[in-house]
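Peer 1: Sending over a structure as C-alpha cells; questions will come in a sec.
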Amino acid sequence: RLDGALYTLLATTETLALNAVEAYIDVVRHLELLYIARKNIQRHREILGQIRERVEGGKAPASDRTQIEERVIAAEAVEVEIQKAYQDSVSKFRNVVGKAPGRNLRIPPIGNLPKSLNELVLSSVTNNYQIKAADKAISEAAYAREVARSGQMPKLFLEGSASVGADRSGSRGSENDLFVGLKLTWNLF
C-alpha cells in the first residue's frame, strides 16, 4: 500500500510538472507567434505604402489598394487572436506555477532522447508512475483476496502443555504431565 501511495504521489507530481512545462511552452510559442504576426503586419503596411504610391501614380488599379488594406486588417485581426491566446497561456502558467512567467523565455534543446519510437514508448511505459501505482493496487487486491481465501483453508496448530510438581490434584508424590498435540480446524461452509 505504501508503494502504491508513493507511486500515486509521484504520478501526481509528474502530471503537475508536465502541466507546468506545457504552460511554459505555450507562453514561449505565443510570444514567438506574436513576433511573427507583428512582422507580418509591418510587411503588409510596407506593401500597402507601395501599392498606394502605384495607385496614386496611376500604375495600379484602386482595387489593389483595397485588397492590400483588407489583408492588413486581416493580419491585425490575427495579431489580436494571438494576443488573446498569449494572455490565456500566461493565465494558465500563473495558475499552474503560481506566478507570472519571467522575461527572456526560451526553450532549451532536448537531449538524451531514445533513438526510436518503440524505445520511447517502452521507456515511457516502464517508467510511468501511474502504471506502477496501478500495478501495486493489483498486487494489493491479489494479497487481500488471498487473505480472504485463507479463512476457508484448513488450519493446523501444534499445541503443547506441561505441568510438573508435587501433590497435584490431591495425590501424594511428584507428578509430571506432558502433552503434545496436533490440531486441525477447517470451516467447510
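Peer 1: Inside region 84-101, can you point out the residues that are within 12 Å of residue 34 (Cα to Cα) and open to solvent by 50 Å² or more (accessible area, probe 1.4 Å)?
Peer 2: 84, 87, listed by residue number.
Peer 1: Now for a separate question. Looking at (1) assigned to a helix (DSSP H, G or I); (2) in contact with a Lys or Arg (Cβ under 6 Å, 6 or more places away or on another chain), find the lone condition where residue 9 falls short.
Peer 2: The number of the failed condition is (2).
Peer 1: I would also like to ask the following. Is it the case that residue 169 is part of a helix (DSSP H, G or I) and modelled with pLDDT under 85?
Peer 2: When the stated conditions are applied, residue 169 passes them.
Peer 1: Next question. For the subset of region 141-152 comprising residues that are open to solvent by less than 80 Å² (accessible area, probe 1.4 Å) and outside any loop (DSSP other than H, G, I, E, B), which member is farthest from residue 17 (Cα to Cα)?
Peer 2: Step one: filter region 141-152 for residues open to solvent by less than 80 Å² (accessible area, probe 1.4 Å), giving 141-142, 144, 147-148, 150-151.
Those still in the list that are outside any loop (DSSP other than H, G, I, E, B) too: 141-142, 144, 147-148, 150.
Working: 141: 30, 142: 32, 144: 34, 147: 38, 148: 40, 150: 43 Å.
The residue in question is 150.
Peer 1: Tell me whether region 102-114 contains one or more residues that are surrounded by 12 or more Cβ atoms within 10 Å (Cβ to Cβ), modelled with pLDDT of 90 or more and under 30 Å from residue 34 (Cα atoms). Can you show your working first?
Peer 2: Filtering region 102-114 down to residues surrounded by 12 or more Cβ atoms within 10 Å (Cβ to Cβ) leaves 105, 114.
In the following step, the residues that additionally are modelled with pLDDT of 90 or more were identified as none.
Within region 102-114, none of the residues are surrounded by 12 or more Cβ atoms within 10 Å (Cβ to Cβ), modelled with pLDDT of 90 or more and under 30 Å from residue 34 (Cα atoms).
Peer 1: Output the number of residues of region 115-140 satisfying the condition of being loosely packed, with under 10 Cβ neighbours inside 10 Å and either in a helix (DSSP H, G or I) or in contact with a helix residue (DSSP H, G or I) (Cβ under 8 Å, 6 or more places away or on another chain) (or both).
Peer 2: 4
Peer 1: Taking only region 110-136 into account, find how many residues are within 17 Å of residue 10 (Cα to Cα) and of a type outside the set (Val, Ile, Thr).
Peer 2: Here the count works out to 11.
Peer 1: Taking residue 81 as the residue in question, decide whether it is open to solvent by 40 Å² or more (accessible area, probe 1.4 Å) and touching a Leu at 6+ places or on another chain (Cβ under 7 Å).
Peer 2: The answer is no for residue 81.
Peer 1: Which residues, counting only those in region 49-62, are closer than 27 Å to residue 81 by Cβ and exposed (fewer than 15 other Cβ atoms within 10 Å of the Cβ)?
Peer 2: 49, 50
Peer 1: Now for a separate question. Would a scan of region 36-46 turn up a residue that is under 30 Å from residue 144 (Cα atoms), out of contact with any strand residue (DSSP E or B) (no Cβ under 8 Å at 6 or more places or on another chain) and acidic (Asp, Glu)?
Peer 2: no
Peer 1: Hey, does region 88-109 have a residue that's acidic (Asp, Glu), without any contact (Cβ under 8 Å) to a residue 60 or more places away in the chain and farther than 24 Å from residue 12 by Cα?
Peer 2: Within region 88-109 (the criterion being acidic (Asp, Glu), without any contact (Cβ under 8 Å) to a residue 60 or more places away in the chain and farther than 24 Å from residue 12 by Cα), the answer is no, since none of the residues qualifies.
The values are calculated or read from the model by the stated rules, or taken from the named source; none is laboratory data. Because the structure is predicted, anything quoted here is derived from the model rather than measured. Here Cβ is always computed from backbone atoms with ideal geometry, including for glycine, and neighbour counts include all displayed protein chains. These area figures cover heavy atoms from the full protein model, side chains too; ligands, DNA and RNA do not enter into them. Shrake-Rupley method; radii C 1.70, N 1.55, O 1.52, S 1.80 Å.
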